[in-house]
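The structure appears below as structure tokens.
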Amino acid sequence: VELPRKSKNFVDLRQNKADEIGSLRVEVIQCIGLPKMDKYSLTDAFCYIVCGSEVFVTDVIPDNLNPAWLPLTRRACIMPLKNAYSQVYVGVFDYDGEKEDDDFIGRVVIDTPQLQSGFSYDITLPLRHTSKTYYRRKLGCVRLRLELHWTAGERAALL
């Protein structure tokens with residue numbers, strides 16, 4: 001019941017510069033079926049959301065192969081869009097501590113031209129290592145909520 005609620009706290013990465021033509025609200029709701037990445041514990045999942053030079057990091061959900069980020073946790077951001085064909089990358093990682101390198105689980109790529117402005121999308125996408133290669137081993141899925149908004153309307157953004 002708690003998961004579908006919209007986030008209360010969005011980290012706003014916009015800087016209101018002239019080159020920003022829109023924004024994309026991204027919420028990481030949950031991951032489903034993540035692989036076990038550690039020898040002695042389950043996956044400690046967190047996500048990076050990247051668009052251009054902007055980066056957002058979610059909270060770490062410890063010891064869970066189906067982690068869920070609740071609405072009051074650090075799970076949501078507003079990404080600035082600088083062109084109509086921007087891509088947003090959501091990478092899922094296993095946290096291994098401050099002195100260790102985190103394990104990459106998989107990623108998804110969101111093409112903003114595929115989204116319509118003003119609509120809210122609740123989507124579940126399969127994680128991949130790259131967009132070009134198919135792996136037989138299941139990497140799990142990530143569930144996201146997306147909302148696209150153009151500053152001066154969709155037509156102006158595309159021209």
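Observations on the model:
- Out-of-range pairs (alpha-carbon distance over 31 Å; input Lys6/Lys39; Lys6/Lys36; Lys39/Lys82; Lys99/Lys138): Lys6/Lys39; Lys39/Lys82
- Potential lengthening of the chain between Gln116 and Lys8 amounts to 36.6 nm, from the contour at 0.36 nm per residue minus the alpha-carbon distance.
- The value of relative contact order for the chain, using C-alpha pairs under 8 Å at least six residues apart, is 29 percent.
- Between Ala84 and Leu125, the FRET efficiency from the beta-carbon distance, with R0 = 35 Å, is close to 0.95.
- The label-point distance for Gln15 and Asp101, in a model that sets each label 7 Å from Cα toward Cβ, rounds to 3.0 nm.
- Alpha-carbon Debye profile of the chain, log10 I(q)/I(0) at 0.14, 0.17 Å⁻¹: -0.70, -0.99
No value in this document is a laboratory result; all are computed from the given coordinates. Source: prediction; values computed, not measured. Neighbour counts are summed over all protein chains in view; Cβ atoms, including those assigned to glycine, are modelled from backbone coordinates with ideal geometry.
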